[in-house]
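Read through the structure below, which is laid out as structure tokens, and then see the notes.
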Amino acid sequence: MERMAWNRPIVGMIWLAVCLAGAYAAMNYDFKPGRLAAPLASWPADLSGLDSAMQLERPQKLTVIAFLHPRCACSNATVKQLVKTLEVHPVPEIIVSVYTPLDAADKAAWEQSDSVKRVLEKLPAARVIADRDGVLASRFGAFTSGTLLVYDSKGEEIFRGGITDRRGGEEDNTGLRQFAQAISKEVRVQTEMSPVFGCLLVAGGSS
């Protein structure tokens, strides 16, 4: 009995250490941003070789392009922030690029996910594009779900980044405010790109 009583503090310390390690790992995951390419000097010149359903013309009016992974839980937070902001600051053109793997058995399950349905419900004028294997995203350097790009009426990129403060975060943050400023003033206000939190948008990226 004495030996068991002596071991209890050690067991308790081990349990606490495991809990703290788990909490640290979860926090590190939530706040670790995804890959984001540098702003493009100009509109991608190599879009002509894409499937006709993915063709995009150089914008001639203020345009928002959102890149989403439909099975990434973080996409829901991005969509909520996007909808909330566009309700206050509407833009003429909204494009949503939805990652869809080529080998998906049920493409409709990807292309009609909850996050996509919410976009169509709240932003009925939005154009939704099924991005096969993330080809379109890679041309724009959007490698992480939740990446938003804003182009002015001259086709120049004025915003690049995310609008959440962590994975699934829905609080106010710098990226969200900069995005709102970019679309309301149609000018670049970023001094640096805002981080993006979400799943990878690459061939084979299913998580």
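The values are calculated or read from the model by the stated rules, or taken from the named source; none is laboratory data. As the structure is a prediction and not an experimental result, all values here were calculated from the model. Cβ: placed from backbone, ideal geometry, glycine included. Neighbour counts: every protein chain shown.
Key figures
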| quantity | calculated |
| --- | --- |
| Residue match in the stretch 163-185 (condition: assigned to a strand (DSSP E or B), touching a helix residue (DSSP H, G or I) at 6+ places or on another chain (Cβ under 8 Å), crowded, with 16+ Cβ neighbours inside 10 Å and free of Cβ contacts under 8 Å to residues at least 60 places away in the same chain) | no |
| Count of residues meeting criterion [at pLDDT 80 or above and surrounded by fewer than 15 Cβ atoms within 10 Å (Cβ to Cβ)] in the stretch 25-36 | 1 |
| Selection status of PHE159, aromatic (Phe, Trp, Tyr), in a helix (DSSP H, G or I) and closer than 27 Å to ALA45 by Cβ | no |
| Subset of the stretch 190-207 that is surrounded by fewer than 21 Cβ atoms within 10 Å (Cβ to Cβ), of a type outside the set (S, T, N, Q) and touching a strand residue (DSSP E or B) at 6+ places or on another chain (Cβ under 8 Å) - its residue that is modelled with the lowest pLDDT | GLY205 |
| Residue in the stretch 52-70 that is under 29 Å from GLU186 (Cα atoms), under 22 Å from the mean Cα position of the chain (by Cα) and modelled with pLDDT under 75 present | yes |
| Any hit, the stretch 107-120, residues being of a type in the set (S, T, N, Q) and buried (at least 18 other Cβ atoms within 10 Å of the Cβ) | yes |
